[in-house]
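Heads up, the thing below is written out as structure tokens.
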2 protein chains.
Amino acid sequence: MTAPVALDGFGADGGPGLVLEGARLAAADGIPVRIFGPPAQLGDPAEGVEVVASQEWISNDEEPVAAVRGKPGASVVMAAAEAAAGRSEALVSAGSTGATMTAALFAMKRLRGVQRPALAAQVPLPPDGARTLLFLDVGANVEVRPQHLIQFAHLGAAFSEAVLGVDAPKVALLSVGEEAKKGTPDVAEAHEALAGSAEIVFAGNVEGTELLSGAADVVVTDGFTGNVALKLMEGTARAVADGVRGAARSNPMAMAGGALLRPALGSLRRTMDPNAVGGAILLGLRGIAVVAHGGSSPEGIANAIRLAHRSVGERAAERMEQRLRAAGADRRHLEDRLGNDPT
Amino acid sequence: MTAPVALDGFGADGGPGLVLEGARLAAADGIPVRIFGPPAQLGDPAEGVEVVASQEWISNDEEPVAAVRGKPGASVVMAAAEAAAGRSEALVSAGSTGATMTAALFAMKRLRGVQRPALAAQVPLPPDGARTLLFLDVGANVEVRPQHLIQFAHLGAAFSEAVLGVDAPKVALLSVGEEAKKGTPDVAEAHEALAGSAEIVFAGNVEGTELLSGAADVVVTDGFTGNVALKLMEGTARAVADGVRGAARSNPMAMAGGALLRPALGSLRRTMDPNAVGGAILLGLRGIAVVAHGGSSPEGIANAIRLAHRSVGERAAERMEQRLRAAGADRRHLEDRLGNDPT
């Protein structure tokens with residue numbers, strides 16, 4: 001029998017009851033779930049859902065490292081320890097992103113050769129979300145060096161291939177122009193290394209305008225830019241959608257038009273729904289950790305559990321570790337080249 | 001009589017003829033324009049539009065500093081020199097952003113106290129674009145230090161007040177969380193200085209989700225993040241709008257709905273139209289330089305000319321220089337505080 005997925009019962013905006021709903025949906029698919037949280041609120045689980053009591057949790061306002069160290073009984077810390085020990089196969093939490101990343105990093109440790117784990121989000125691509133973009137780092141590292149961007153490229157490519165089923169994924173760097181030298185010196189250095197990589201199908205730089213164009217399967221950036229960009233896509237999409245909704249309320253003719261158009265907007269709505277993709281995944285650890293959206297629906301929680309389970313089944317961590325040997329080779333190649341070339 | 005606006009006749013996607021159309025629209029409002037470009041294509045100007053012959057231009061593919069130095073007869077270089085000498089009141093170009101910034105910087109010089117000029121874009125805010133957000137730096141400096149972010153805050157506040165007519169503009173920093181410490185160490189340091197500033201109405205950090213919320217009148221970031229963010233808003237808005245359009249073509253009922261809804265979408269379309277705001281403005285120079293969108297319509301060119309003319313009329317450069325004294329004080333205040341506090 002498969003080990004269950006360890007699920008943090010706290011932290012979702014909808015509370016432990018909603019998290020339990022999500023666990024039930026995943027368990028109904030045959031994925032066993034062990035949920036860490038308040039038994040009183042998780043009273044009556046379902047077939048395949050087991051409750052482990054935890055009364056403590058870590059909020060968004062707490063400093064993650066201090067909180068994880070200081071609260072061994074917090075739900076996310078217990079769930080991470082359980083996943084690291086192999087009693088559960090993976091960690092899923094809709095709580096504080098910082099606390100989840102920290103708990104996972106402390107408990108699971110990094111893959112051999114990984115300097116910085118990165119948080120990768122799946123962004124559904126137009127027109128219908130049938131393809132997703134793997135976008136990283138969306139917040140694990142606010143500052144990075146070129147070698148980290150190179151590692152992110154390999155981590156992302158390995159995950160895209162293993163779990164998202166993309167054959168020879170195209171990897172791009174986010175920058176301010178398409179030319180190789182555009183961007184910060186760090187981005188230009190990473191560009192040069194990736195352009196010379198034998199293992200990466202490198203699509204060059206993409207600009208903000210083209211991020212959603214589908215030109216790349218994996219787009220790599222630092223965690224500051226990536227976090228801002230991910231949230232900005234959400235904010236902009238919401239603003240435009242609100243604008244359309246507002247227009248459809250502005251007069252009787254527009255209201256009639258909106259009512260007729262509404263059914264056809266279903267696939268666009270689903271494309272823009274963060275619940276569809278489950279959550280962001282922390283790449284570079286000796287285990288699988290998924291950070292679900294705080295505002296997840298039960299279906300969003302279930303999709304995060306499904307993503308974690310699929311990642312384990314596809315041996316994502318092992319395949320990333322294999323890939324990282326290539327990243328080391330790229331880095332050394334670049335160092336040799338720069339060392340031999342005094343310009 | 002007012003000095004004319006110096007307009008680069010080359011560089012717009014629509015060619016010199018389109019630029020001339022824009023000049024005519026502005027001239028019809030009583031703003032005289034001197035356009036630098038190929039006389040054959042600018043043959044028959046209108047009342048208030050004068051043509052100065054230039055056959056050379058700088059493309060997006062050229063390295064800006066080398067090109068500006070190497071081509072004194074290029075249209076944008078001639079126009080910048082003219083504006084710097086006071087024979088024209090301001091520079092407007094829809095050509096290469098890098099070349100326009102470089103030509104303006106070389107010819108006009110920086111305001112006293114400015115270390116790095118910044119490119120500021122006006123982003124129309126939902127629901128109807130009646131308010132705009134001043135967002136900088138959107139590409140002049142891919143790497144900045146805290147003191148530059150502080151200067152950008154003062155430059156943006158001064159411009160917002162002087163030209164956009166915002167009383168006591170609220171200024172925010174773009175970051176990955178609202179808390180003062182969130183973001184890179186440089187962002188956190190700038191946050192601290194701005195929070196202690198007597199001259200800035202500081203709204204704290206904004207995240208990507210809230211950039212378009214209207215919580216701030218001016219949002220400050222580095223030129224890498226700002227450039228990516230500005231283009232990403234454009235790309236995301238386009239993707240959502242394409243999605244709505246696609247839905248409205250998907251079946252007969254949706255087509256009828258789209259047709260009924262279309263008139264009401266006019267204000268949203270205008271809000272999302274980059275031509276409405278004219279262009280980005282280079283802040284921190286002893287003169288006014290406006291970079292129009294390469295894909296500008298004639299109305300977009302005219303709006304860029306109007307923005308430049310209004311900026312001159314409101315003495316934007318002088319008012320920015322006054323503000324910069326306050327920026328210097330903020331920086332010294334921070335240094336003193338950090339110097340006195342060994343933590």
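Data for the structure
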quantity	calculated
Enumeration of residues in region B:144-170 that are of a type in the set (S, T, N, Q) and closer than 13 Å to B:ASP217 by Cα	B:SER160
Count - residues of region B:105-144 that are assigned to a loop (DSSP other than H, G, I, E, B), surrounded by 18 or more Cβ atoms within 10 Å (Cβ to Cβ) and more than 13 Å from every other protein chain (Cβ to nearest Cβ)	4
Selection status of B:ILE288, more than 13 Å from the chain's Cα centre (by Cα), among the aliphatic types (A, V, I, L, M), more than 9 Å from chain A (Cβ to nearest Cβ) and closer than 20 Å to B:ALA12 by Cα	no
All positions within region B:280-319 that are small (Gly, Ala, Ser), under 17 Å from B:PHE36 (Cβ atoms) and in contact with a strand residue (DSSP E or B) (Cβ under 7 Å, 6 or more places away or on another chain)	B:GLY287, B:ALA289, B:ALA292, B:ALA304, B:ALA308
Conditions (1) on the phi > 0 side of the Ramachandran plot; (2) among the small types (Gly, Ala, Ser); (3) without any contact (Cβ under 8 Å) to a residue 60 or more places away in the chain; number of the one not met by B:GLY139	(3)
Hits in region B:179-191 - residues which are part of a helix (DSSP H, G or I) and surrounded by fewer than 18 Cβ atoms within 10 Å (Cβ to Cβ)	B:PRO185
Selection status of A:ARG112, in contact with a His (Cβ under 7 Å, 6 or more places away or on another chain) and farther than 30 Å from A:ARG270 by Cα	no
Matching residues in region A:120-134 - criterion: being within 15 Å of A:GLY279 (Cα to Cα) and hydrophobic (A, V, I, L, M, F, W, C)	A:ALA120, A:ALA121, A:VAL123, A:LEU133, A:LEU134
B:PRO252 over 24 Å from the mean Cα position of the chain (by Cα) and more than 8 Å from chain A (Cβ to nearest Cβ)	yes
Residue match in region A:265-281 (condition: among the small types (Gly, Ala, Ser) and more than 30 Å from A:MET101 (Cα to Cα))	yes
Single match in A:GLU234, A:GLU210 (criterion: surrounded by fewer than 24 Cβ atoms within 10 Å (Cβ to Cβ), under 21 Å from B:VAL176 (Cβ atoms) and of a type in the set (D, E, K, R))	A:GLU234
Qualifying residue in region A:269-282 (condition: of a type outside the set (Lys, Arg) and within 8 Å of another protein chain (Cβ to nearest Cβ))	yes
Qualifying residue in region A:145-160 (condition: part of a loop (DSSP other than H, G, I, E, B) and surrounded by fewer than 22 Cβ atoms within 10 Å (Cβ to Cβ))	yes
Breaking point among (1) outside any loop (DSSP other than H, G, I, E, B); (2) more than 14 Å from chain B (Cβ to nearest Cβ), for A:VAL166	(1)
Any hit, region A:205-215, residues being closer than 23 Å to A:LEU324 by Cα and either in contact with a helix residue (DSSP H, G or I) (Cβ under 7 Å, 6 or more places away or on another chain) or not aliphatic (A, V, I, L, M) (or both)	yes
Whichever residue in region A:220-247 is facing chain B (nearest Cβ under 7 Å) and of a type in the set (Ser, Thr, Tyr) and, among such residues, is farthest from B:ALA229 (Cα to Cα)	A:THR236
Failed criterion for B:ASP217 (all others in (1) more than 14 Å from chain A (Cβ to nearest Cβ); (2) charged (D, E, K, R); (3) surrounded by fewer than 24 Cβ atoms within 10 Å (Cβ to Cβ) hold)	(3)
Any hit, region A:295-303, residues being free of Cβ contacts under 8 Å to residues at least 12 places away in the same chain, of a type outside the set (S, T, N, Q) and either touching a Lys or Arg at 6+ places or on another chain (Cβ under 9 Å) or more than 14 Å from chain B (Cβ to nearest Cβ) (or both)	no
Residue in region B:183-196 that is within 19 Å of A:GLY183 (Cα to Cα), charged (D, E, K, R), out of contact with any Lys or Arg (no Cβ under 8 Å at 6 or more places or on another chain) and touching a residue at least 12 places away in the same chain (Cβ under 8 Å) present	no
Residues being hydrophobic (A, V, I, L, M, F, W, C) and closer than 19 Å to A:GLY313 by Cβ - total across region A:261-279	1
Residue in region B:66-76 that is outside any strand (DSSP E or B), on the phi < 0 side of the Ramachandran plot, modelled with pLDDT of 95 or more and under 19 Å from the mean Cα position of the chain (by Cα) present	yes
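Okay, residues lined up against (1) more than 30 Å from A:GLY266 (Cβ to Cβ); (2) at pLDDT below 90; (3) touching a Lys or Arg at 6+ places or on another chain (Cβ under 9 Å); (4) crowded, with 18+ Cβ neighbours inside 10 Å:
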{"site": "B:ALA239", "(1), (2), (3), (4)": "no, yes, no, yes"}
{"site": "B:ASP242", "(1), (2), (3), (4)": "no, yes, no, no"}
{"site": "B:VAL277", "(1), (2), (3), (4)": "yes, yes, no, yes"}
{"site": "B:ILE281", "(1), (2), (3), (4)": "yes, no, no, yes"}
{"site": "B:GLY284", "(1), (2), (3), (4)": "yes, no, yes, yes"}
{"site": "B:ALA292", "(1), (2), (3), (4)": "yes, no, no, yes"}
{"site": "B:HIS309", "(1), (2), (3), (4)": "yes, no, no, yes"}
{"site": "B:LEU324", "(1), (2), (3), (4)": "yes, yes, yes, yes"}
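The values are calculated or read from the model by the stated rules, or taken from the named source; none is laboratory data. The shown structure was predicted, so the numbers you read here are calculated from the model rather than taken from an experiment. Note that we place each Cβ from the backbone using ideal geometry, even for glycine, and neighbour counts take in every protein chain shown.
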